[in-house]
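> Please find one structure pasted underneath; my questions will follow.
The values are calculated or read from the model by the stated rules, or taken from the named source; none is laboratory data. Keep in mind that this is a model prediction, so the values were computed, not measured. For neighbour counting, all protein chains shown are included, and Cβ atoms are generated from backbone atoms with ideal geometry for every residue, glycine included. For the accessible areas, the whole protein counts, side chains as well, though only heavy atoms, and no ligand, DNA or RNA atoms are used. Shrake-Rupley method; radii C 1.70, N 1.55, O 1.52, S 1.80 Å.
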Amino acid sequence: MQAAVVTGPGRIEIQTVARPLPAAGQVRVRLEGCGVCASNLTPWAGPEWMEFPTAPGGLGHEGWGVVDAVGEDVTGVAVGDRVSALFYNSYAGYDVGPASSVVRLPAELDRQPLPGEPLGCAMNIFRRSDIQAGQTVAIVGIGFLGAILTRLAAAAGARVIAISRRPYALEMARRMGAAETIPMLDHYQIIEQVRELTGGAMCERVIEAVGKQWPLDLAGELTAERGRLVIAGYHQDGPRQVNMQSWNWRGLDVINAHERDPNVYVDGIRAAVEALTSGRLDPRPLYTHSFPLHRLDEALNMTRDRPDGFMKALVTM
């Protein structure tokens, strides 16, 4: 099979390697595609802790495709099933992993790409946000995750204020159901705009979906007394400081909405599949760019640079 190998900072090679074989309890998936995740960008940049080369297909974890082989003791999934797979070497023609880490896809989704991990992540964040009809929800950062959360919150009957630096992202947030959009330019101006929009009450729920210090600071300021601040951004580039005096005084509930249990991830993917089949969620407008596997480097660079018109890249096999 063909597999992408990251050989150094910003460099890939497409290598021909043996197809992996499923062990007991595992399945092999012939991949149709894999989403490109922003979490790939730190290892792609080559920090000191990163070891090169990666395993064949390494970094890819948003794959989908068709099961083509199963190991012993596998039940509930069979050769020929189309699935979303939470495996971790999916920038390749095939990947292998536990049968418990795949979700079967219904026939209604046969023609759709389905990068399950980010969709499942969004569903799990939404669940932990406890968003209710009639609430005002600020979402700080409108990338793929923020746009999905905008749609879910709006569909739940919340009034969504979307905040992002890119005009295209704010336009997409409106398409996803945001009632108000604010350019993320000036810290204090944003606070005053939200104060005005909420009659001084601020937001019962605020989701930070950027992963940087300033958006985290801003999100805390936008959260109402006894409100819930949900940290969905991927904060992996160093320590953070928080205004604990302010958070403490206002009695905020602070939720770190990241998961590490694979079973919880898979539950989120199942919830995403249900949302897609019911029509509650349609992420297809957010898949703005597609690349063949040998252009994975371009897909990663575009994910890093986020040019106008970009929301999410998919790699096809």
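> Among the residues of the range 174-204, which ones are of a type in the set (A, V, I, L, M), surrounded by fewer than 20 Cβ atoms within 10 Å (Cβ to Cβ) and in a loop (DSSP other than H, G, I, E, B)?
Ala179, Leu185, Ala201
> Condition first: under 16 Å from Gly120 (Cα atoms), in contact with a Pro (Cβ under 8 Å, 6 or more places away or on another chain) and open to solvent by less than 60 Å² (accessible area, probe 1.4 Å). Can you find one or more residues in the range 262-276 that meet it?
yes
> Mind checking which residues of the range 165-205 are within 11 Å of Gly141 (Cβ to Cβ) and in contact with a helix residue (DSSP H, G or I) (Cβ under 6 Å, 6 or more places away or on another chain)?
Ala173
> I've got another one for you. Does the range 221-232 contain any residue that is open to solvent by 90 Å² or more (accessible area, probe 1.4 Å) and among the polar types (S, T, N, Q)?
So far as the range 221-232 goes, no, none of its residues is open to solvent by 90 Å² or more (accessible area, probe 1.4 Å) and among the polar types (S, T, N, Q).
> Count, please, the residues in the range 205-259 that happen to be among the aliphatic types (A, V, I, L, M) and outside any strand (DSSP E or B).
Matching residues across the range 205-259 total 11.
> A further question follows. Mind checking which pairs have a first residue in the range 42-56 that is closer than 15 Å to Ile14 by Cα and a second that is among the aromatic types (Phe, Trp, Tyr), Cβ under 9 Å, 6 or more apart or different chains?
Thr54/Tyr91; Ala55/Tyr88; Pro56/Tyr91
> So, one more: Go through (1) under 25 Å from Leu149 (Cβ atoms); (2) of a type in the set (A, V, I, L, M); (3) touching a helix residue (DSSP H, G or I) at 6+ places or on another chain (Cβ under 8 Å) one by one and return the number of the condition Ala133 breaks.
(3)
> Which ones in the range 4-25 are part of a strand (DSSP E or B) and out of contact with any Asp or Glu (no Cβ under 9 Å at 6 or more places or on another chain)?
Gly8, Glu13, Ile14, Gln15, Thr16
> A further question on this structure: For the range 120-149, how many residues meet the condition of being in contact with a Lys or Arg (Cβ under 9 Å, 6 or more places away or on another chain), open to solvent by 10 Å² or more (accessible area, probe 1.4 Å) and of a type in the set (A, V, I, L, M)?
2
> Related question: Output the residue which, of all residues in the range 151-169 that are open to solvent by less than 60 Å² (accessible area, probe 1.4 Å) and under 17 Å from Ala219 (Cβ atoms), is farthest from the chain's Cα centre (by Cα).
Ala158
> In the range 205-220, what count of residues is obtained for those that are open to solvent by 10 Å² or more (accessible area, probe 1.4 Å) and closer than 21 Å to Gly134 by Cα?
1
> Additional query: So, of the residues in the range 94-119 that are in contact (Cβ under 8 Å) with a residue 40 or more places away in the chain and part of a strand (DSSP E or B), which turns out to be most open to solvent (accessible area, probe 1.4 Å)?
This residue is Pro98.
> Between Glu51, Glu13, which is among the acidic types (Asp, Glu), open to solvent by 30 Å² or more (accessible area, probe 1.4 Å) and in contact with a strand residue (DSSP E or B) (Cβ under 6 Å, 6 or more places away or on another chain)?
Result of the check over Glu51, Glu13: Glu13.
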